[in-house]
Amino acid sequence: QVQPVESGGGLVQPGGSLRLSCAASGFRVRGYAIGWFRQAPGKEREGVSCTSTSGRTTYPDSVKGRFTISRDSTKNTVYLDVNNLRPEDTAVYYCAAEAFMGGGCRQPDYKYWGQGTQVTVSS
């Protein structure tokens, strides 16, 4: 089965960085659009970075310049580097995959979802 598996979350101080990993179980990341989403308590799930099969990347203004998505096809893993973290970045971060979409960064665009990894930004 197609199953993204996230890891790398944790507790970090403001200004710190993490590398989140999305390991692909049952599929090849090269053939899928991959999105990173986050959901904070009381908030809607929002896309924070997505990459299409053609390599196009999308970032909202809230994370632009701080977050970077990348693929490592050899390791069959997609990474999200989150830098200069702020308390408002605290959320559960999810990885999602979609085989038949060339882009987009909204929750309905993706079929396969991981269980999420918690990122907490606090001093």
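The values are calculated or read from the model by the stated rules, or taken from the named source; none is laboratory data. Being a predicted model, the structure only gives us computed values, none of them experimental. So basically every Cβ, Gly included, is an ideal-geometry build from the backbone, and we count neighbours across all protein chains shown. We work out accessible area using only protein heavy atoms, side chains counted, and drop any ligands, DNA or RNA first. Shrake-Rupley method; radii C 1.70, N 1.55, O 1.52, S 1.80 Å.
Assuming R0 = 35 Å, what is the FRET efficiency of S73 and S122, from their Cβ-Cβ distance, to the nearest 0.05? Here the calculated transfer efficiency is 0.50.
With each label modelled as a point 7 angstrom along the Cα→C-beta vector, the K43-S62 pair spans 0.4 nm. On the chain, 45 percent of the accessible area sits on carbon and sulfur atoms, based on a 1.4 Å probe. Per residue, the accessible area of the chain comes to 52 Å², computed with a 1.4 Å probe over protein heavy atoms only.
Within the chain, the percentage of alpha carbon pairs spaced more than 22 angstrom apart rounds to 25%.
Converting phi to 3J(HN,Hα) with the Karplus coefficients 6.51, -1.76 and 1.60 and the offset θ = phi - 60°, the range 48-55 yields 10, 5, 9, 9, 8, 5, 8, x Hz in sequence order, with x at every glycine or proline.
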